[in-house]
Amino acid sequence: GKLLGPGAELSVCGVQSARFVNGFSDSLSVWLQGGVKRTVESAWPSALVIDHEIVEDAPSRLNQAGFGDAISALCAPADWYLACHVGMDVGYDPRVVDVVTKAGAALWASAEPDKLDIAALINTLTLGGFCIGIAGTTAPLSGCEHLMSHLLDMAALARGRDHDLHGAQVGVAAVLSAALWHTALDRFDPTLVDPEGCIITPPGLSDTVKTAWHGVDPPGAIVEACAESVALKNKRGSD
């Protein structure tokens with residue numbers, strides 16, 4: 001667990017028995033607030049206890065989910081770069097990304113479901129958490145693939161249903177994210193984009209967001225929160 005709140009002084013120790021997320025080693029936490037996923041500051045772990053044999057003996061679906069979370073390093077940085085380039089975020093640092101992708105090289109090479117390199121999985125997820133904490137934002141390893149997973153979580157909660165493991169959802173969504181980037185790069189020439197005027201808010205965006213969520217969240221609390229967040233991000237990009 002983690003202690004929420006800035007300036008927390010309580011020591012926190014993480015004991016890992018499986019690897020299916022990277023959040024155990026960073027200083028941020030993602031939690032549900034009023035049915036909506038929010039990122040808040042939390043405490044750095046004072047220590048991490050990771051026994052490779054215990055992790056290797058964990059149920060395979062847990063470590064496979066860890067692989068799913070780890071491969072966000074292959075697409076999320078592009079989202080972060082784009083957001084910073086058009087003024088919707090700041091602080092892009094390729095050094096943060098390079099640490100994780102270099103650590104993950106051995107993991108990508110062992111991508112068979114039942115033959116994961118556990119040491120590489122442990123290193124990639126642990127360093128990923130460190131990099132998120134150092135950057136002060138989840139953006140380096142949390143792009144639209146994580147957004148899709150968060151939306152699945154929120155939709156499941158609103159409907160009173162279960163959702164899958166975070167890493168499993170992220171892994172599937174990473175494939176969709178990569179396909180979206182492939183389509184974008186195939187159709188558009190990034191060098192022709194004017195960074196001063198490339199953010200164009202589609203007409204009726206707020207209504208589109210509300211319509212998309214209406215069937216999932218009839219009471220409307222999640223609808224309004226999501227519409228507010230989208231409006232804030234668009235304002236930031238157009239300022």
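The values are calculated or read from the model by the stated rules, or taken from the named source; none is laboratory data. In this text, all values refer to a predicted model and were calculated from it rather than measured experimentally. Backbone-built Cβ (ideal geometry, glycine too); neighbour counts: all protein chains shown. Keep in mind that these areas ignore ligands, DNA and RNA; they rest on the heavy atoms of the full protein, side chains included. Shrake-Rupley method; radii C 1.70, N 1.55, O 1.52, S 1.80 Å.
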Tell me the accessible surface of V216 in square angstrom (1.4 angstrom probe, heavy atoms of protein chains only), to the nearest ten. 20
Which FRET efficiency value, to the nearest 0.05, do you get for E228 and V172 by plugging their Cβ-Cβ distance into 1/(1 + (r/R0)^6) with R0 = 30 Å? 0.60
With a 1.4 Å probe and every protein chain left in place, work out the accessible area per residue of segment 63-108 in Å², rounded to a whole number. 42
Please list the three semi-axes, largest first and in whole Å, of the ellipsoid equivalent to segment 51-162, using sqrt of 5 times the eigenvalues of its alpha carbon gyration tensor. 25, 21, 11
If you plug each phi of segment 164-172 into the Karplus form 6.51 cos²θ - 1.76 cosθ + 1.60 with θ = phi - 60°, what whole-Hz ³J(HN,Hα) values come out, in order, with x for Gly and Pro? 7, 4, 3, x, 5, 5, 5, x, 5
Got a sec? Which residues in segment 27-43 would a label at I134 touch, if it sits 7 Å along Cα→Cβ and we count backbone N under 16 Å? 27-28
Karplus 3J(HN,Hα) series, Hz, for segment 68-74 with 6.51 cos²θ - 1.76 cosθ + 1.60 (x for Gly, Pro): x, 5, 5, 6, 4, 5, 8
Two pseudo-spin positions, 7 Å from Cα along C-beta at L185 and at R38, lie apart in nanometres by 3.6
Sorting check: for 176-183, 24-31, 63-70, which peptide has the highest mean count of neighbouring beta carbons within 10 Å, and how do the rest follow? 63-70, 24-31, 176-183
Sum up the charges of everything whose Cβ sits under 13 Å from the Cβ of Q169, counting Lys and Arg as +1 and Asp and Glu as -1, but leave Q169 out. -3
Which far-off residues, 5 or more places away or on another chain, put their amide H under 5 Å from the one on S42, with H placed in the peptide plane? G5, L28, S29
For segment 51-121, which whole-number percentage of the solvent-accessible area (1.4 Å probe, protein heavy atoms only) is attributable to carbon and sulfur atoms? 57
